[in-house]
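Chemist: This structure is in structure tokens; I'll ask about it shortly.
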Amino acid sequence: MGEMIRIIGIDPGLRHTGWGIVESLGNSLRFVASGTVRSDDKAALATRLCQLHDGLAEILHAAMPHEAAVEQTFVNKDAAATLKLGQARGIAMLVPALAGLVVAEYAPNAVKKAVIGIGHGDKKQIHMMVKVLMPKATFDTDDAADALAIAICHAHHRQSVVYRLAAFG
């Protein structure tokens, strides 16, 4: 059947970065924890990025995941907001990489498809399916629920040839 793998999913955001941890054993998933790292929106950008870094580093140190998955950034009409989101995403990728984890990336549509079965859907559908897949799951924000969806997506895709090549090159 294989070994249990602990996965952290991260939904990057400058104000709120959601995180969710699941354990995967074969086709079985188990909720471990979830939450949201917040930055002070009145602080300077560099300070906010440090807050995200420190918060995620603390979670990784406590939870000891084996693998990480981060949602890819979508580009919107506001270039400045997209750039700031990209910087938060850089922190979300850097922290697990510094901890020695391979970091997988998933497009938002891939996450939705893995969780609700189609590539388009609203947050309510995603949250409902996260609860169906893991009835004991709790989340304090939409970002934490999305992070759990990212972890679920990774659990479904982690055995792909592309991931194995990236992980073991």
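Chemist: What translational diffusion coefficient, in µm²/s and rounded to a whole number, does the Stokes-Einstein relation yield for the range 73-142 at 10 °C and a viscosity of 1.306 mPa s, taking the hydrodynamic radius as the Kirkwood radius over Cα pairs?
Modeler: Details: Rh = 14.2 Å.
In µm²/s, the coefficient rounds to 112.
Chemist: Now, a different point. Going by alpha carbons, how many degrees (0 to 90, nearest 10) lie between the helix axis of 79-98 and the longest principal axis of the chain?
Modeler: Once rounded, one gets 50 degrees.
Chemist: Given points 7 Å out from each Cα along the Cα-Cβ axis, report the residue 41 to residue 105 separation in nanometres with one decimal.
Modeler: Between residue 41 and residue 105, the label points sit 2.7 nm apart.
Chemist: Using a Förster radius of 22 Å, what is the FRET efficiency between residue 128 and residue 30 based on their Cβ-Cβ separation? Nearest 0.05, please. Before the final figure, lay out each step's value.
Modeler: Working: r = 19 Å, r/R0 = 0.85.
About 0.70, to the nearest 0.05.
Chemist: Please work out how much accessible surface residue 71 shows to a 1.4 Å probe, ignoring ligands, DNA and RNA, in Å² rounded to 10.
Modeler: Spelled out: residue 71, probe radius 1.4 Å, area about 40 Å².
Chemist: Please go through the range 2-82 and write out the chymotrypsin sites (Phe, Trp or Tyr not before Pro) that DSSP classes as loop and that have at most 16 other C-beta atoms within 10 Å.
Modeler: On the way: sites: 19, 31, 74; in loops: 74.
When the chymotrypsin sites (Phe, Trp or Tyr not before Pro) of the range 2-82 are filtered for loop state and at most 16 Cβ neighbours within 10 Å, 74 remain.
Chemist: When 1/r is averaged over all different Cα pairs and the result inverted, which Kirkwood radius in Å belongs to the range 102-164? Write down the numbers at each step before the final one.
Modeler: Numbers: mean 1/r = 0.0843 Å⁻¹.
For the range 102-164, inverting the mean 1/r across all distinct Cα pairs yields 11.9 Å.
Chemist: Residue 104's amide H: which non-local residues (gap 5+, or another chain) put their own amide H closer than 5 Å, with H modeled 1.01 Å from N in plane and none for Pro or chain starts?
Modeler: HN-HN under 5 Å from residue 104: 68, 69, 70.
Chemist: Label residue 157 and residue 72 with points 7 Å out from Cα along Cα→Cβ: what is the distance between them in nm?
Modeler: Computed distance between label sites residue 157 and residue 72 equals 0.8 nm.
Chemist: Also, I was wondering about something else. Quick one: give the max-minus-min coordinate of the C-alpha atoms of the range 9-157 along each principal axis, largest first, in Å.
Modeler: 42, 35, 25
Chemist: Further question: If the convex hull of the alpha-carbon atoms of the range 1-70 is projected onto planes in all directions, what is the mean projected area in square nanometres?
Modeler: 4.6
Chemist: Across the range 46-53, in residue order, what do the Karplus-derived ³J(HN,Hα) couplings come to in whole Hz, using 6.51 cos²θ - 1.76 cosθ + 1.60 with θ = phi - 60° and x for Gly and Pro?
Modeler: 4, 5, 5, 5, 4, 4, 5, 4
Chemist: Between exposed trypsin sites (Lys or Arg not before Pro) in the chain, where DSSP calls loop and at most 12 other Cβ atoms lie within 10 Å, what's the longest gap?
Modeler: Working: sites that count: 42, 77, 136.
That would be 78-135.
Chemist: Compute the long axis of helix 123-133 from its Cα atoms, compare it with the longest principal axis of the Cα atoms of the chain, and write down the angle in degrees, 0 to 90, nearest 10.
Modeler: Orientation of helix 123-133: about 40 degrees from the principal axis.
Chemist: Quick one: Kirkwood hydrodynamic radius for the range 48-100, alpha-carbon pairs, angstrom, one decimal? Can you show the working numbers first?
Modeler: Details: mean 1/r = 0.0842 Å⁻¹.
Kirkwood hydrodynamic radius for the range 48-100: 11.9 Å.
The values are calculated or read from the model by the stated rules, or taken from the named source; none is laboratory data. Every value quoted in this text rests on a predicted model; they were computed, and no experiment measured them. FYI the Cβ positions are ideal-geometry reconstructions off the backbone, even for glycines, and counts take in every protein chain you see. Please note that ligands, DNA and RNA were not included when accessible areas were found on the heavy atoms of the full protein model with its side chains. Shrake-Rupley method; radii C 1.70, N 1.55, O 1.52, S 1.80 Å.
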